[in-house]
Amino acid sequence: MNVLDLFSGCGGISLGFKLAGFKIKGGVDIDPNSVKAFQKNFLKSKAICENLLEYNDDKILEDFGNQEILVCNTHLDHVYETTREQQISVLIDQLQLVNKSNLPIILMGDFNEGPNGKVRSQINSKLPNLIDPWDAVESGSHHKFDGNNKNSLRIDWILIDKIFKKEKIYLEQSHENNIYPSDHFPVKCILNF
């Protein structure tokens, strides 16, 4: 994850983010001495001396760049396999239709079947740049509000474009006194470009 430090001073806040694992893209401050100190403290980051009242979004994007991505969340039918196959076919067609700029894609949601099913097969053949970052032992994501996922499949996925690098992916299984907010464990994934 990238950080742009506005009113950066010498970069104290940026240092905290860096120690927490973030990438410091740059700092902006009106004081030239602060900008010089920021540059010395973060040699690989850009330091800009600007008045933030005049430094608009377009200028920030020009100086620090941006990366657009296309994120799609879905929930496919839980009863019929043929319905899921039709739904994913329509979804893929729509993704390809709206993604004329060929943006990196993150496709996620409740696919209501395991990663070895026909839905995944369609995704693999029509969206070959998407990969499953899951590298742990298969574990069910559906648990009927009781936390027991021993006999279920991982039906909730996050599929990412190959441009992304996965730092961590897991099922969030927290609860409060055995009360779960959903009958599915959320899939959490930390990504980098």
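The values are calculated or read from the model by the stated rules, or taken from the named source; none is laboratory data. As the structure is a prediction and not an experimental result, all values here were calculated from the model. Positions of Cβ are generated from backbone atoms using ideal geometry, with glycine treated the same way; all protein chains shown enter the neighbour counts. These accessible areas exclude ligands, DNA and RNA; they are computed on the full protein's heavy atoms, side chains included. Shrake-Rupley method; radii C 1.70, N 1.55, O 1.52, S 1.80 Å.
Of the DSSP beta bridges with both residues in the chain, give the percent that are antiparallel, rounding to the nearest 5.
Numbers: 15 of 30 bridges.
Here the antiparallel bridges make up roughly 50 percent for the chain.
Extending each Cα 7 Å along its Cβ direction at Q96 and F145, get the distance between those two points in nm, one decimal. Reported label-point gap for Q96 and F145 is 4.1 nm. Across the stretch 63-193, the mean sequence separation of Cα contacts (distance under 8 Å, 6 or more residues apart), normalised by length, yields a relative contact order of 23 percent. For the stretch 31-135, trypsin sites (Lys or Arg not before Pro) are listed when DSSP marks them as loop and at most 13 other Cβ atoms sit within 10 Å of their Cβ; the list is K44, K100.
The simple spin-label model puts a point 7 Å past each Cα toward its Cβ; for Y170 and D183 those points are separated by 2.6 nm. Projecting the Cα atoms of S34, I60, N99 onto the charge dipole of the chain, computed from C-beta unit charges around the Cα centre, puts S34 farthest toward the positive end. Sort the stretch 60-193 into rounded, prolate or oblate with this rule: let a ≥ b ≥ c be the square roots of the eigenvalues of the Cα gyration tensor; rounded if a/c is under 1.5, and if a/c is not under 1.5, prolate when a/b is larger than b/c, oblate otherwise. Taking the square roots of the gyration eigenvalues as a ≥ b ≥ c, the stretch 60-193 is oblate. Excluding the site residues themselves, the longest part of the chain lacking any GluC sites (Glu not before Pro) in a DSSP loop with at most 13 other Cβ atoms within 10 Å is 69-137.
Pairs of Lys residues in the stretch 111-180 that lie 8 or more places apart, or on two chains, and have C-alpha atoms under 28 angstrom apart add up to 14.
Under a Gaussian network description of the chain, with springs only between Cα atoms under 10 Å, the residue in I24, I169, I158 that fluctuates furthest is I24.
Annotation for the stretch 106-179: chymotrypsin sites (Phe, Trp or Tyr not before Pro) lying in DSSP loop with at most 14 further Cβ atoms inside 10 Å of their Cβ are F145. Site pair K18 and C72 shows an inter-label distance of 4.0 nm when each label is modelled 7 Å from Cα along Cα→Cβ. To put it simply, the accessible area of the chain at a 1.4 Å probe is 53 percent carbon and sulfur. A straight Cα-to-Cα reach below 12 Å connects K25 with the aspartates and glutamates D5, D63, residues fewer than 8 places away in its own chain not being considered.
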